[in-house]
Amino acid sequence: MRSFATKPFILTWMLLALTVPGFAASQDGSKERPTPEEIIRQFTEKEAEFYEAWMGYTYTQTAVIRVLAVDNVPVNNEALMLVFEVVFNDDGTREVRLVDRRGRLRSIRYTPEDEEVITNLNPFALTSKDLSLYNLDYRGEERVDELDCYVFEVKPKSTKGERLYFDGKIWVDTVDLQVVRTVGRVVPERRDNQFPEFETLRQVIDGKYWFPVWTHADEVLRFPNQQVHVEQTITYEGYKEFGSKTRIRFGGQVAPDDPE
C-alpha cells in the first residue's frame, strides 16, 4: 500500500532473534529457570520446524484493509477484502490462489509487494539462521490468553542496505517454549515509506503446531502529503495437513503417515 503521492512501500516481516544475559533463580529459590540461551535455542529450533510444517498445510487466508480517516477526516466505505486459498497441485507444489477480491482503496494503493507480504511473509519464523542479525533483551514474564510467557524485545543490529527488519517484542510460552504472540513494525522507515505496527496471535493446530490465526494493524501512516489511518486484519482458517509420505514432528523425528 502507498499514498498516491508517494512511492510504494513494502510491508515486510522478517526473521529474527539472538542471545541475552542470564535469568535469575526463581522467586522461591528452589529452581532456576532456563537460561535465555537455552530458551532461544529451543524456540528457534521449533520455529524452523513450525515453518516447515506450516508450508505443508492448506488453509484459507482473508485480509481486510480499511481506510478509516484521511487527515483526521473520517472515511466511509473504503475497504478492500482479499481471500486466498493455499492449495497443493497434483505434483505436490504449493500454490497461493486469490479466489475473491471485493472493494477498492482510493487513498492508498495496494501493491503486488503487499500481497507477497500477506501471503508469504506473515507470519514470520524466528529461526536460528538469522540470530546474528538481531539483539534480544529479556523483558520479564507476562500472561497471554492464560499462558505464562517470556517476553523479549527484538531490535536489528543494523538497518543499512535494502533489507527490511522487524523491531518489536515476542512472547514465548514458558511450557512449550514456542512463540505465541508477536507485536512490532518493519524498519527502517522513510517519509514516503511507512509501516504500521502489527500484532500476530497463534493457536495450537492439530495438537502440536502453534500456527497463526489472527494478525491485526491499526495505525496512522504519516506520508509527506497526508495522514492516512489504516486498519488491517488477517485471519487464517481451515488448516488441513496436506497428505505426504512423511510428517515432521518437533524434535526432528520423522514418522510415516497412517495407512488410511
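Pairs exceeding 20 Å between alpha-carbon atoms, taken from 129/240; 46/157; 208/240: 129/240; 46/157. DSSP loop trypsin sites (Lys or Arg not before Pro) in segment 155-228 with at most 11 other Cβ atoms within 10 Å of their Cβ, which ones? Filter output for segment 155-228: 157, 160, 191.
Counted by Cβ distance under 13 Å from residue 60, the other residues give a net charge of -1, where Lys and Arg count +1 and Asp and Glu count -1.
Paramagnetic label reach from residue 176 (point 7 Å along Cα→Cβ; backbone nitrogen cut-off under 13 Å): within segment 188-219, residues 201-213.
For segment 141-210, applying the loop criterion from DSSP together with a ceiling of 12 other beta carbons within 10 Å to the GluC sites (Glu not before Pro) yields 146, 162.
Coordinate-derived values only; no laboratory data. For clarity, every value in this text was computed on a predicted model and none was experimentally measured. Cβ: placed from backbone, ideal geometry, glycine included. Neighbour counts: every protein chain shown.
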